[in-house]
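A short reminder: the numbers here are calculations on the coordinates, not readings from a lab. All values derive from a computational prediction rather than experimental measurement. Cβ: placed from backbone, ideal geometry, glycine included. Neighbour counts: every protein chain shown.
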Amino acid sequence: MREHFHVPNNYFLSHSVGCLPKTAPDRLGQDYIQQWKTHGGNAWPGWLDVLDTFRAQLGAYLGSPARNLCPQTNISSGLTKLLYSLPARTIKPTILCSLEDFPTTGFVYKQAERMGFRVKFMQGDVSDLDAWAEAFDDSVGLVHITHAYSNTSKLAPVAELCALARDRGAISIVDIAQSAGAIPVHLSLWQPDFALGTGVKFLCFGPGACFLYASDEMIETCTPVDVGWFSHEQPFEMDIQSFRYADSAMRFFGGTPSPAPFVVATAALDLWRKVGSVKVHARIQSHLDRLCAAVSHETLVSPRTKGARGGALVISLLDREPLRAKLSKRNIRCDERKEGFRFSVHAYTNEEEIELLIDAFSSRLF
């Protein structure tokens, strides 16, 4: 796997930015720059083919028809678009989410208070269905479900929460930013109303290649406010007095996109198809098994067992400075949050790097 990527040494930051596929620069030159250079304004047919390819390949990867997927620039924008598309008079006023969600989620939902929503944070363990159910009162009209939490690598019970939302007449939104590419994602099994994801992390698409999933029911009932000519049923019809929503998730697209990030994304998707996501997921979990075995229960923040965790190891100590010094001395690339040090692994992480990190752990600190 490593031979297919440009991987910095001792790189444990795929939860932040996944590594660049070696085929991406040539793909970008051929399918974006050369199209632009040769055809100028007539490059759009080729660029639109790239967007169609992206949706088809991503759909195959996530288990979704292409029509249910729409490219997005970032998750915050996609979340805002879907919020302002909801049939407001039929939605109950409470948005249920968690304090462990990525902050951008809270920022967007705070603005939704302008629309009459109120934000409620569930209490307790985010992996505990009962804790969610206790918070799920009759006022909840929307539930935000993070599949893998960025600061703990814990997993939410997504399938069960989507089912609970359906039973209670609420809309489910699943955030797969930290799970897609690291662990299996089952949109067809979960049946969420919406899902949002980014390719900048484990999928290795680079910045700007994000996506929104909308169920058939949401496509039929939601009318986005943030529209543009790419939200149109026929984008090249060019009649300013005739706007008709696309009959697919593309109604959430908006105005003129940047094709370049999605060209890079198709290079990565070609690799996932070639290598196989099952092998990638298995190797990630094998690496995490070895790392978890090297640290004590007292220091481990992320789950110890596969099936309960994403693609990262999170550890915390009372005195962090000695470990900071050891990591710096070994040039180990990771990051640190309030919850602890974060180390993500990937299929391109090699055994020597795992051993180097384990060596950093092997001291009286642990």
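In plain terms, the chain from Phe121 to Asp359 could stretch by 81.8 nm, reckoned as 0.36 nm per residue minus the Cα-Cα distance. Within the straight-line cut-off of under 12 Å between alpha carbons, the aspartates and glutamates reachable from Lys338 are Glu100, sequence neighbours fewer than 8 places apart in one chain being disregarded.
Can you tell me, using C-alpha contacts under 8 Å and at least 6 residues apart, the relative contact order of segment 1-140 as a whole percent?
Details: 94 pairs, mean separation 20.0, N = 140.
The normalised contact order for segment 1-140 reaches 14 percent.
Once you've got the Cα coordinates, tell me which of Lys154/Lys306; Lys81/Lys120; Lys154/Lys326; Lys154/Lys201; Lys22/Lys274; Lys201/Lys329 are over 22 Å apart. Over 22 Å apart, Cα to Cα: Lys154/Lys326; Lys201/Lys329.
Dividing the radius of gyration of the alpha carbons in segment 311-366 by their Kirkwood radius gives 0.93 for Rg/Rh. Here the simple spin-label model places points 7 Å from the Cα toward Cβ, and for Thr221 and Thr305 these points are separated by 3.7 nm. Here's the picture: charge each Lys and Arg Cβ at +1 and each Asp and Glu Cβ at -1 in segment 24-272, and of Pro93, Pro261, Val119 the one pushed furthest to the positive end of that dipole is Pro261.
Each of Phe343, Phe5, Phe194 was scored by other Cβ atoms within 10 Å of its Cβ. Listed from fewest to most, they are Phe5, Phe194, Phe343. Within segment 161-252, the trypsin sites (Lys or Arg not before Pro) that combine a DSSP coil assignment with at most 16 other C-beta atoms in a 10 angstrom radius are Arg244. Tell me which of His4, Gly228, Ala170 sits at the most positive position along the dipole axis of the chain, charges placed on C-beta atoms (Lys, Arg +1; Asp, Glu -1). Projecting each Cα onto the dipole axis, the largest value belongs to His4. Fewest neighbouring Cβ atoms within 10 Å first, the residues Met250, Met238 line up as Met238, Met250.
Calculate the tail of P(r) for segment 134-257: the fraction of all Cα-Cα distances greater than 26 Å, expressed in %. Don't jump to the answer; show the numbers that get you there.
Numbers: 2376 of 7626 pairs.
When all Cα pairs of segment 134-257 are counted, 31 percent exceed 26 Å.
Per residue, the average separation of C-alpha pairs within less than 8 Å and at least 6 apart gives segment 185-308 a relative contact order of 21 percent.
With R₀ set to 45 Å, the beta-carbon distance separating Arg333 from Glu233 gives a calculated FRET efficiency near 0.45. Note on Lys92 and Leu189: their simple-model spin labels are 2.7 nm apart, each label 7 Å out from Cα toward Cβ. Please figure out what share of the DSSP beta bridges in segment 24-272 is antiparallel and state it in percent, rounded to the nearest 5. Roughly 40 percent of the beta bridges in segment 24-272 run antiparallel, per DSSP. Take the Kirkwood radius over Cα pairs of segment 216-366, plug it into Stokes-Einstein at 25 °C and 0.890 mPa s, and you get 127 µm²/s for translational diffusion. Remark: the chain carries a charge dipole of roughly 780 debye about the Cα centre, counting +1 on each Lys and Arg Cβ and -1 on each Asp and Glu Cβ.
Tell me the label-point distance for the pair Arg320, Lys279, using the 7 Å Cα-to-Cβ offset, in nm and rounded to one decimal. With each label point 7 Å from Cα toward Cβ, the separation is 3.7 nm.
The HN-Hα couplings worked out from phi for segment 254-271 by the Karplus form 6.51 cos²θ - 1.76 cosθ + 1.60 (θ = phi - 60°) are x, x, 4, x, 9, x, 3, x, 7, 5, 4, 4, 5, 5, 5, 5, 4, 5 Hz, whole numbers, x standing for Gly and Pro. Only DSSP H runs of four or more residues enter the estimate; each adds -39500 (n - 2.57), and after division by the residues of the chain the mean residue ellipticity at 222 nm equals -10500 deg cm²/dmol.
Taking the number of other C-beta atoms within 10 Å as the exposure measure, put Val200, Val17 in order starting with the fewest.
On the way: Val200 22, Val17 14.
Taking fewest neighbouring Cβ atoms as first place, the list is Val17, Val200.
At q = 0.10, 0.11 Å⁻¹, what log₁₀ I(q)/I(0) does a Debye calculation on the Cα points of the chain give, no solvent, two decimals? Listed by q, the Debye log ratios stand at -0.65, -0.78.
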